[in-house]
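Structure first, then comments.
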Amino acid sequence: MRILFTIALIACCGTPLLHAAETASIEERMSKAELEASGLDRLTPEQLKYLNTWLSTKGISASVAPVKRQDGSMVYYPDETARETIESTIAGSFEGWRGRTTVTLANGQKWQQSESAARGDVRMTDPAVTIKPMAMGSWLMVVKGCNCSIRVKRIQ
């Protein structure tokens, strides 16, 4: 009976929880000062986990893009309606992914690898890329000519 209950729970709730893992947590979205000012820094780890899951399943995002935080960092495309596919090239040499790889595009944007993966068997110069908006605020960078893709986040 317990196994059936667990399977039913996963079937009902599994999809939102899987999407929650793709979304930046509240701790990643807010600066330390913002967390303290809001009182969220006083939540227990369990409370933070619940809040992050709730936010990601509701698709909560900011209303304008880009937004400069109090600490000077920028949040790009917090409004889902402002996200469009980007076509560009990586400026210079591209040698794959190594954990926190950052690439600069010909259009000046900088994107950083946001998932843990490694692929070092690629050697290309100025490859064409497509960066597509994906579910729950994530982005997928597809590098043409190597049949490789990875989730990224915009950092500049």
task = Spot the failing condition for ALA65; the list is (1) within 30 Å of VAL129 (Cα to Cα); (2) part of a loop (DSSP other than H, G, I, E, B); (3) modelled with pLDDT of 70 or more, and only one is missed.
result = (3)
message = Of everything in segment 98-126, what is crowded, with 17+ Cβ neighbours inside 10 Å and within 20 Å of GLU84 (Cα to Cα)? Give them in sequence order.
response = VAL103, LEU105, TRP111, GLN113, SER114
task = Find all pairs meeting these conditions: Cβ atoms under 7 angstrom apart; at least six residues apart or on different chains; first residue within segment 130-154 and within 14 Å of ILE86 (Cα to Cα); second residue assigned to a helix (DSSP H, G or I) and among the charged types (D, E, K, R).
result = SER138/GLU22
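The values are calculated or read from the model by the stated rules, or taken from the named source; none is laboratory data. Owing to the predicted nature of the structure, the values given are computational and were not obtained by experimental measurement. Here Cβ is always computed from backbone atoms with ideal geometry, including for glycine, and neighbour counts include all displayed protein chains.
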